[in-house]
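All remarks here apply to the structure that follows.
Computed from the coordinates by the stated procedures, all read-outs in this text should not be read as laboratory data. In this text, all values refer to a predicted model and were calculated from it rather than measured experimentally. Quick reminder, even Gly has a Cβ in these numbers, built from the backbone with ideal geometry, and neighbours come from all protein chains shown.
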Amino acid sequence: MKCHFLGTNGWYDTPAGNTTCILIETPDLTVVLDAGSGLWKLDRVARMDLPVHLFLSHFHLDHLFGMHTLNKFPLGHVLSIYGQPGTREVLSTLVGPPFTVGLHDLPFPVHIIEREEGDYQDPFRVSCRYLRHSTPCMGYRITLGKKTIAYCPDTGYCENAVELAKSADLLIAECALRPGEESPEWPHLNPETAIRIAREAGSKRLALVHFDARAYPSPGDRDRIGYLYARECPSLVITHDDLTLDL
């Protein structure tokens with residue numbers, strides 16, 4: 001099982017990367033976390049003959065606007081899209097004329113599954129919890145085989161983030177803010193708070209994504225976080241576009 005980071009920026013694209021999109025590769029299916037502009041790279045690494053399960057966290061455009069590239073993929077199976085209540089209505093507007101090809105006009109079937117907070121078992125174990133952001137944002141805990149991946153996108157510190165990350169093999173957490181920065185009106189994580197969540201949850205590994213494009217304009221700005229916190233969090237991974245982790 002591998003985790004491919006197709007897009008690791010927040011807000012907008014820069015030479016440092018595309019916006020957030022993460023692919024989890026298994027022998028039987030593909031899981032995609034958010035559909036930022038990095039989604040266009042899907043066919044670089046994903047098998048097009050396997051089912052694809054796309055989990056959307058919320059409706060901010062940096063997590064959605066890669067969906068206009070769906071028409072380029074020769075998927076030979078169903079694309080299942082999961083999201084909070086209201087996802088079907090939002091996508092029917094955003095992913096359709098006059099903006100792009102509609103979901104039901106794609107050359108493969110698309111199923112939209114709206115989910116409330118809770119725990120689910122189809123077709124694999126998934127927990128959904130709301131996080132702390134400026135707009136409703138869903139985090140996920142996904143178990144594939146014997147591995148558990150927690151995904152905590154746009155959020156401030158909250159108990160639901162810790163709950164999702166409990167003993168996870170990999171916690172993928174956003175890092176939009178610089179060290180020491182806070183944003184109460186538009187909650188996001190800084191490195192210290194992401195590490196706090198990982199530590200309280202007992203996560204085995206922490207990968208930081210969604211580096212704000214203005215706060216982290218270059219890859220070197222991200223890498224400095226790794227140097228600063230290597231001793232405090234030895235399991236820390238600073239992600240860049242096209243990084244692959246073995247799980």
Qualifying residues in segment 118-132 (those that are closer than 14 Å to Gln84 by Cα and surrounded by 14 or more Cβ atoms within 10 Å (Cβ to Cβ)) - the one farthest from the chain's Cα centre (by Cα): Tyr120
Which of the residues spanning segment 224-237 are of a type outside the set (Ser, Thr, Tyr) and either assigned to a helix (DSSP H, G or I) or over 21 Å from Gly202 (Cβ atoms) (or both)? Arg224, Ile225, Gly226, Leu228
If you go through segment 157-189, how many residues are touching a Pro at 6+ places or on another chain (Cβ under 7 Å) and over 17 Å from Thr20 (Cα atoms)? 1
Could you tell me which of the residues Leu70, Leu61 is closer than 30 Å to Glu182 by Cβ, out of contact with any strand residue (DSSP E or B) (no Cβ under 6 Å at 6 or more places or on another chain) and hydrophobic (A, V, I, L, M, F, W, C)? Leu61
Kindly indicate whether any position in segment 186-205 is part of a strand (DSSP E or B) and not hydroxyl-bearing (Ser, Thr, Tyr). no
Which ones in segment 149-166 are over 13 Å from Leu33 (Cα atoms) and touching a Ser or Thr at 6+ places or on another chain (Cβ under 7 Å)? Tyr157, Ala161, Leu164, Ala165
Looking only at segment 196-224, count how many residues are surrounded by fewer than 23 Cβ atoms within 10 Å (Cβ to Cβ) and hydrophobic (A, V, I, L, M, F, W, C). 3
Among strands (runs of 3 or more DSSP E) entirely within segment 5-108, at least 1 residues that are surrounded by fewer than 21 Cβ atoms within 10 Å (Cβ to Cβ) and not hydroxyl-bearing (Ser, Thr, Tyr) occur in 21-25, 79-83
Using the structure shown, decide if Arg115 is surrounded by 15 or more Cβ atoms within 10 Å (Cβ to Cβ) and farther than 19 Å from Thr30 by Cα. yes
Got a sec? Which of Trp11, Trp40 is touching a residue at least 24 places away in the same chain (Cβ under 8 Å), of a type in the set (A, V, I, L, M, F, W, C) and more than 16 Å from Cys175 (Cβ to Cβ)? Trp40
Of the residues Met67, Met138, only one is within 16 Å of the chain's Cα centre (by Cα) and in contact (Cβ under 8 Å) with a residue 60 or more places away in the chain; which? Met138
Conditions (1) in a loop (DSSP other than H, G, I, E, B); (2) of a type in the set (Gly, Ala, Ser); (3) within 21 Å of Pro85 (Cβ to Cβ); number of the one not met by Gly180: (3)
